[in-house]
Amino acid sequence: MKQQTSYIARQPENDGIIRYSAAENRIWKTLINRQMACIQDTACDEFLSGLTLLNLPQDHIPQLSEIDDVLYATTGWKTAAVPALIGFDRFFELLSQRRFPVATFIRSEEDLDYIKEPDIFHEIFGHCAMLTNQHFADFTEHYGKLGVSATPQERVYLARLYWFTVEFGLVRHQDSFRVIGGGILSSPGETRYAFSHEAEITPLEPLQVLRTPYRIDIMQPEYFLLDDLAHMTALTKLDLMALVHQAMELGLLPAKFPQAV
């Protein structure tokens, strides 16, 4: 998981405050304003409720302590400031402790539309609002606990469950769907694509998800649909590691995208 990156996490000063530059705050303002215009009819109700609770500033990057106050009061979670990229061991450990890793840097103007590394906008706007929901929060903790004791090979398969729920998950809404995944919620391009009818929408079946290949550098050709947020709690009641082992035995399904070059 740990790769090379040009981004460096910002460090707090002696008073515990990270003082972002005017340029960094302008990027936050651009990102949040354009994404707010995308989510009113696309994000799930639980995300919109979480955003209301977080009351994110529009003109500057918030401090993690402000996010922590809301998360801890609602679901017992807190954030954890981390470098731009962390290893799987640290990632799973934090989630298992109800601490959500947030890299304290924001993308550059050049990476405004797409960034491989999860920055503070992706983590706070895309994920922290959903962490105010108990079903989502408990699923994320359970996933972290599974990952802590998993082998490297098991983690490769387990990662797909996180990818297709926490990052790119959808949930039924009347006769359509809404978004729960932070990878969509924090990206106007991915939001538009998910609702464009170009992508395939498949009811979530855990064994299929665990066998589905994905790439991080393209629009997802397939999204998986949860019945509701309680479906995430139902997933934690399954023997997911037994399903991981079954997926490993069966192998991956054919990819629905070209291989990276």
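If you check every pair at least six apart or on different chains, which have Cβ atoms under 7 Å apart with a residue in segment 13-36 that is under 20 Å from Asp113 (Cα atoms) first and a residue that is part of a helix (DSSP H, G or I) and not aromatic (Phe, Trp, Tyr) second? Partner pairs satisfying both residue conditions: Ile27/Glu109; Arg34/Pro188; Gln35/Pro188.
Among the residues making up segment 151-168, a single one is more than 19 Å from Pro101 (Cα to Cα) and in contact with a Phe, Trp or Tyr (Cβ under 8 Å, 6 or more places away or on another chain): Pro152.
For Phe164, indicate whether it is in a strand (DSSP E or B), touching a helix residue (DSSP H, G or I) at 6+ places or on another chain (Cβ under 6 Å) and buried (at least 16 other Cβ atoms within 10 Å of the Cβ). No. Here segment 161-203 is the region considered, the condition is being charged (D, E, K, R) and more than 30 Å from Ala242 (Cβ to Cβ), and the residue that is nearest to the chain's Cα centre (by Cα) is Glu190.
Counting only helices (runs of 4 or more DSSP H) that sit wholly inside segment 169-254, those with at least 3 residues that are touching a residue at least 24 places away in the same chain (Cβ under 8 Å) and farther than 19 Å from Asp45 by Cβ are 188-194, 206-210, 240-250.
Among the candidates Trp28, Trp77, the residue that is farther than 25 Å from Thr140 by Cα and either under 19 Å from the mean Cα position of the chain (by Cα) or modelled with pLDDT under 95 (or both) is uniquely Trp28.
Could you tell me which residue of segment 231-246 is surrounded by the most Cβ atoms within 10 Å (Cβ to Cβ), considering only residues that are touching a helix residue (DSSP H, G or I) at 6+ places or on another chain (Cβ under 7 Å) and over 11 Å from Leu207 (Cβ atoms)? Among those that are touching a helix residue (DSSP H, G or I) at 6+ places or on another chain (Cβ under 7 Å) and over 11 Å from Leu207 (Cβ atoms), it is Met232. Of everything in segment 67-119 that is among the hydrophobic types (A, V, I, L, M, F, W, C) and in contact with a Gly (Cβ under 6 Å, 6 or more places away or on another chain), the residue that is farthest from Phe47 (Cα to Cα) is Phe92. Residues in segment 119-129: is at least one out of contact with any Asp or Glu (no Cβ under 7 Å at 6 or more places or on another chain), part of a strand (DSSP E or B), modelled with pLDDT of 95 or more and not charged (D, E, K, R)? Looking through segment 119-129, none of the residues is out of contact with any Asp or Glu (no Cβ under 7 Å at 6 or more places or on another chain), part of a strand (DSSP E or B), modelled with pLDDT of 95 or more and not charged (D, E, K, R).
Report whether or not Thr132 is more than 28 Å from Pro57 (Cβ to Cβ) and among the β-branched types (Val, Ile, Thr). It is false that Thr132 is more than 28 Å from Pro57 (Cβ to Cβ) and among the β-branched types (Val, Ile, Thr).
Of the residues screened, Gln58 is not one that is of a type outside the set (Asp, Glu), more than 21 Å from Asp138 (Cβ to Cβ), modelled with pLDDT under 95 and surrounded by fewer than 16 Cβ atoms within 10 Å (Cβ to Cβ). Filter segment 61-76 down to residues that are over 25 Å from Asn25 (Cβ atoms) and in contact (Cβ under 8 Å) with a residue 24 or more places away in the chain and give me whichever is surrounded by the fewest Cβ atoms within 10 Å (Cβ to Cβ). Filtering first and then ranking leaves Gly76. The number of residues in segment 84-97 that are in a loop (DSSP other than H, G, I, E, B) and of a type in the set (S, T, N, Q) comes to 1.
The set of residues from segment 130-159 being touching a residue at least 12 places away in the same chain (Cβ under 8 Å) and assigned to a loop (DSSP other than H, G, I, E, B) comprises Asn133, Ala150. With respect to the conditions (1) touching a Ser or Thr at 6+ places or on another chain (Cβ under 7 Å); (2) without any contact (Cβ under 8 Å) to a residue 24 or more places away in the chain; (3) of a type outside the set (A, V, I, L, M, F, W, C), Glu110 falls short on a single one, namely (1).
The values are calculated or read from the model by the stated rules, or taken from the named source; none is laboratory data. As the structure is a prediction and not an experimental result, all values here were calculated from the model. Here the Cβ is made from the backbone with ideal geometry for all residues, glycine too, and neighbour counts use every protein chain on show.
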